[in-house]
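The structure appears below as structure tokens.
The values are calculated or read from the model by the stated rules, or taken from the named source; none is laboratory data. A quick note: this is a predicted structure, and the numbers were derived from the prediction, not measured. Every residue, glycine as well, gets a Cβ built from its backbone with ideal geometry; the counts of neighbours run over all protein chains shown.
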Amino acid sequence: MIALGCDHGGYKLMQEIKAHLDALGLEYRDFGTYSEDSCDYPVYGKLAAEAVASGECDRGILVCGTGIGISIAANKVKGIRAALCSDCFSAEMTRRHNNANMLAMGARVIGGGLALKIVDTFLQTGFDGGRHARRVDLISAMEE
Ligand code: RB5
């Protein structure tokens with residue numbers, strides 16, 4: 001189950017992402033926002049992040065205008081490693097090295113075609129573990 005969260009700046013791209021996930025037969029829970037009316041990205045970043053942190057969802061995808069605000073908000077939730085990506089290499093490496101559990105993107109930064117490739121890369125790539133697990137554990141220890 002994939003948690004989705006966006007603000008008004010990310011709303012249109014999130015509809016493309018949902019259609020893509022539907023086509024792939026991947027389940028998601030949409031925590032909003034549900035229109036292009038102006039809203040506050042921390043609200044939706046927090047809702048989606050809490051669903052990932054609780055284990056209700058395995059991964060999360062976040063979109064706002066830049067991807068910056070919503071990723072900052074999500075990363076305030078304990079257990080969340082939200083990675084802002086604008087390219088497939090970063091999406092691959094943040095899964096392999098950081099075990100990122102949420103992907104954030106900026107709808108005013110990248111186009112829909114690239115965004116969907118980044119989503120695919122993020123969802124298809126596993127964590128390398130090994131020395132990277134030690135480093136991720138050090139990040140988690142900062143939350144204690
Ligand atoms: C909304 O105008 C915009 O500030 C928001 O989508 C995001 O880019 C914030 O980081």
task = Within the range 65-79, identify whether any single residue is under 16 Å from residue 126 (Cα atoms), touching an Asp or Glu at 6+ places or on another chain (Cβ under 7 Å) and of a type in the set (D, E, K, R), and answer yes or no.
result = no
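Quick grid of which residues meet (1) touching a strand residue (DSSP E or B) at 6+ places or on another chain (Cβ under 8 Å); (2) without any contact (Cβ under 8 Å) to a residue 40 or more places away in the chain; (3) more than 16 Å from residue 82 (Cα to Cα):
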residue	(1), (2), (3)
13	yes, no, yes
34	no, yes, yes
38	no, yes, yes
41	yes, yes, no
query = Out of the range 33-51, which residues are within 12 Å of the ligand (Cβ to nearest atom) and within 11 Å of residue 4 (Cα to Cα)?
reply = 33, 44, 45
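Quick one: would you say residue 71 is modelled with pLDDT of 95 or more, surrounded by fewer than 18 Cβ atoms within 10 Å (Cβ to Cβ) and polar (S, T, N, Q)?
No, not satisfied.
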task = Filter the range 62-96 down to the residues that are in contact with a His (Cβ under 9 Å, 6 or more places away or on another chain) and not in a strand (DSSP E or B), then identify the one that is farthest from the ligand (Cβ to nearest atom).
result = 96
Filter pass, residue 98 being under 20 Å from residue 137 (Cα atoms), modelled with pLDDT of 95 or more and more than 12 Å from the chain's Cα centre (by Cα) = yes
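Yes/no per residue for (1) at negative phi; (2) touching a Gly at 6+ places or on another chain (Cβ under 8 Å); (3) touching a residue at least 12 places away in the same chain (Cβ under 8 Å):
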{"residue": "55", "(1), (2), (3)": "no, no, no"}
{"residue": "78", "(1), (2), (3)": "yes, no, yes"}
{"residue": "86", "(1), (2), (3)": "yes, yes, yes"}
{"residue": "92", "(1), (2), (3)": "yes, no, yes"}
{"residue": "95", "(1), (2), (3)": "yes, yes, yes"}
{"residue": "104", "(1), (2), (3)": "yes, yes, yes"}
{"residue": "108", "(1), (2), (3)": "yes, yes, yes"}
inquiry  = Being assigned to a helix (DSSP H, G or I), under 10 Å from residue 96 (Cα atoms) and touching a Ser or Thr at 6+ places or on another chain (Cβ under 9 Å) is the filter here; which residues of the range 112-138 pass it?
reply    = 122
request  = Might you let me know whether the range 43-58 holds any residue that is surrounded by 15 or more Cβ atoms within 10 Å (Cβ to Cβ), modelled with pLDDT of 95 or more and over 13 Å from the mean Cα position of the chain (by Cα)?
outcome  = yes
Some residue of the range 15-25 being exposed (fewer than 14 other Cβ atoms within 10 Å of the Cβ), in a loop (DSSP other than H, G, I, E, B) and away from the ligand (no atom under 12 Å from the Cβ) = yes
